[in-house]
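Bear in mind these aren't lab numbers, they're just calculated from the coordinates by the rules spelled out. Being a predicted model, the structure only gives us computed values, none of them experimental. Cβ sites come from the backbone with ideal geometry, for glycine too, and all protein chains shown count toward neighbours.
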Amino acid sequence: MVFKFVIVLAFVAAASAAVVVPAGPVLAKAVELEEYDPHPQYKFGYNVQDGLSGDSKGHVEERDGDVVRGEYTLVDADGLKRTVTYTADPINGFNAVVRREPIAVAAPVVAAAPVVKATPVVAAAPAPVVKAAPVVAAAPAPVLAAPYVAPAAYVRHL
């Protein structure tokens with residue numbers, strides 16, 4: 001029994017032994033340096049006012065070096081306009097001020113429709129009673145089934 005245990009351990013050790021493969025030559029790759037702007041600057045903005053879908057939002061932002069300032073607005077699902085004004089710099093980090101205010105939209109003035117008197121209800125004459133034709137049952141369809149054939153008896157030959 002001990003012999004079998006030693007053989008199994010020998011196989012496990014042989015299977016888990018690391019195969020040493022000589023390393024190939026290391027090829028150097030040329031690294032391209034990206035252009036670096038020490039004082040980045042940009043400004044952008046957009047505004048969406050879609051009367052068909054009711055989508056209303058906008059965003060403006062500007063960057064001067066490490067200082068970013070911006071503001072965005074949108075209409076929340078509850079109908080309030082949210083305005084977020086933010087700044088970010090390496091000293092103070094990111095700071096935002098959020099304001100929510102109702103949208104000042106004038107309700108459209110709709111002229112009242114003229115009052116129309118309803119016409120009097122007139123009872124309709126009763127419809128004549130028509131007797132239906134008698135119901136005739138269709139003949140049952142014939143059942144075409146294959147006849148049952150019993151299997152032949154099993155005979156054992158000696």
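Based on the Cβ-Cβ distance from V97 to Q49, what FRET efficiency comes out when R0 is 22 Å, to the nearest 0.05?
0.40
Length gain on complete extension for the stretch D78 to A13, per 0.36 nm per residue less the alpha carbon to alpha carbon distance?
Value of the extension gain: 16.5 nm.
Within straight cross-link reach of K43, meaning Cα distance under 21 Å, which lysines are found once same-chain residues fewer than 8 apart are removed?
K57
Roughly how many nanometres apart are two label points built 7 Å out from the Cα toward the Cβ at R63 and K131?
According to this spin-label approximation, the distance is 9.4 nm.
Magnitude of the Cβ-charge dipole of the range 52-106, K/R +1 and D/E -1, about the Cα centre, nearest 20 debye?
200
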